[in-house]
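Contents: one structure, followed by commentary.
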2 protein chains.
Amino acid sequence: MKSLIPELGAPIAQSASGHGIDRQEASLHGEILLRLRDYVVQGNIPEGARVPERQLCEMLGISRTPLREALKVLAAEGLIELLPNRGARIRQLSQRDLEELFDVMAGLESLAGRLACEAITDEEIAEIERLHYKMYGHYLHRDMHGYFQINQHIHESIVASARNETLRTAYANFAGRIRRVRYSANFARKRQRWAEAMREHEAILDALRRRAGSELSDILFQHLRNKRTAAIEHLAEARDATAATAAEG
Amino acid sequence: MKSLIPELGAPIAQSASGHGIDRQEASLHGEILLRLRDYVVQGNIPEGARVPERQLCEMLGISRTPLREALKVLAAEGLIELLPNRGARIRQLSQRDLEELFDVMAGLESLAGRLACEAITDEEIAEIERLHYKMYGHYLHRDMHGYFQINQHIHESIVASARNETLRTAYANFAGRIRRVRYSANFARKRQRWAEAMREHEAILDALRRRAGSELSDILFQHLRNKRTAAIEHLAEARDATAATAAEG
DNA sequence: AAGATAAAAAATGAATGCAAAATGGAGCCT
DNA sequence: AGGCTCCATTTTGCATTCATTTTTTATCTT
């Protein structure tokens, strides 16, 4: 049986995407790595499904060697897992895995906030304020999708303002692992939680203006912790629903 | 010219070491990865030097394929870098790289402290207290080496008490990158800084006993920040000295 | 027809092969 | 001698091949 997975772009030519995680676009292996990482992060292969080595080779027009090299790296990054003699599978995150990942993300953002207070410029703060009010508009219009995007953007701006590439890379890595869940989790927000999140964002902005590093660090950690709770709850519900459906069918 | 690098253990038999970063000891690739990572982290190849692919293959008694897979992973972890068509080199960390790494470590330990306060048992605290007093003994006897080891142990215990495997893995990864420098940096401590560090450790223990998460988080960050300053200063001196020697010679 | 068994096909993991690129000298010129 | 070119050697990156293991399919048994 041919597993039907979405296309993966052109059969390798020259398309360096520049993802932010690393930049070895020069070699074939590097190019494959970037493409494959995006491909997996975007959720083109279902969780727990096996990664079709041969098929991907054909899609990319390459041999197995560079593909397998990329797979090892993705495994080290935690996106896939390698079963001995049974190839690569898309890593399925347990609830515990998600809790851990959210906490690590919280720690990294918390750190980013602290460092940002040391280095951020007035212009950068002004830009984040601008985003904040735009996001507030989406909130008032109950535009979840718009809200989510700006929200993401604000958090990335804070990380960028920390002026620490090592941190940014690590952040991008962990963000990639939970991308799918994060997205759906945000949409799961109850009205109540949404209002809370807005208030937290105001506190974040306030602490940032005052360059109150350790305060901002606390607020960001708590903010992410609350997100985590919402996400995990949502995910548990979703998985229960799936399980129930499966039992019926 | 044959580059002379230290031995690398037996030519692959069965020796799963279990390093704490990941555990794919099953495959040849996984075994190589563990060994090679340790080998590099321990500083067996000088900074900036090229990684002798062929030689390592012979030492390990394997072909280039699994070795190269391991190299890609180590590159992704930041231990080595891959130059297009020019193979792998031991990554040379710039001063900025070190600053960034120390800050990320500070963030991770800070997070660990916060999480530990939620989960740590009285027994674990007692164990850390025990270590603390043992370390104090080394401090009184001016035993740098003993002090350093216990110090390391205490920090690892805090990370372990956070009950977050994802965090522990990330911590181990970053710790590996700066292992060499960290070691020498600790020995560079001035008397003054050493006394300060002892006081900070007392504050850490105090906050931990009270399970004061965000307070501990702050203290740990500051503690690591101070370490960073000492380390960077020391490294700058060391590099200057090296440069001077090179200029003379 | 359900389940166990065996043979065929496909996949995985690692070694080997090969073209392109980089490195290291030997000879040459100034 | 110092620096250049050119060629042999080595190294690198990727494709291909090969031995195992797993998975699928076909067959047999009850």
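The values are calculated or read from the model by the stated rules, or taken from the named source; none is laboratory data. Just so it is clear, the structure is predicted and the values come from calculations on it, not from any experiment. Every residue, glycine among them, receives a Cβ derived from its backbone with ideal geometry; neighbour counts consider all protein chains shown.
Before we move on, is B:Arg96 among the basic types (Lys, Arg), more than 23 Å from A:Arg37 (Cβ to Cβ) and under 20 Å from the mean Cα position of the chain (by Cα)?
Taking the combined requirement at face value, the residue satisfies it.
Given the options B:Pro52, B:Pro66, name the one that is on the phi < 0 side of the Ramachandran plot, more than 9 Å from every other protein chain (Cβ to nearest Cβ), of a type outside the set (Phe, Trp, Tyr) and within 24 Å of the chain's Cα centre (by Cα).
Matching residue, one of B:Pro52, B:Pro66: B:Pro52.
Sort out which residues of the stretch B:75-129 are more than 9 Å from chain A (Cβ to nearest Cβ), over 17 Å from A:Ser217 (Cβ atoms) and in a helix (DSSP H, G or I), and write them in order of number.
B:Gln95, B:Leu98, B:Ala119, B:Asp122, B:Glu123, B:Glu124, B:Ile125, B:Ala126, B:Glu127, B:Ile128, B:Glu129
Could you say whether any residue in the stretch A:114-130 is within 14 Å of DNA strand C (Cβ to nearest atom) and at pLDDT 95 or above?
Taking every residue of the stretch A:114-130 in turn, none turns out to be within 14 Å of DNA strand C (Cβ to nearest atom) and at pLDDT 95 or above.
Can you tell me which residue in the stretch A:26-65 is nearest to DNA strand C (Cβ to nearest atom), limited to those that are crowded, with 20+ Cβ neighbours inside 10 Å and outside any helix (DSSP H, G or I)?
Residue satisfying both the conditions and the ranking: A:Val51.
Being buried (at least 17 other Cβ atoms within 10 Å of the Cβ), free of Cβ contacts under 8 Å to residues at least 40 places away in the same chain and more than 30 Å from B:Glu77 (Cα to Cα) is the filter here, so list the residues in the stretch B:132-181 that pass it.
B:His138
Are any residues in the stretch B:69-98 surrounded by fewer than 21 Cβ atoms within 10 Å (Cβ to Cβ) and near DNA strand D (Cβ under 8 Å from one of its atoms), and if so, which ones?
B:Leu83, B:Pro84, B:Asn85, B:Arg86, B:Gly87
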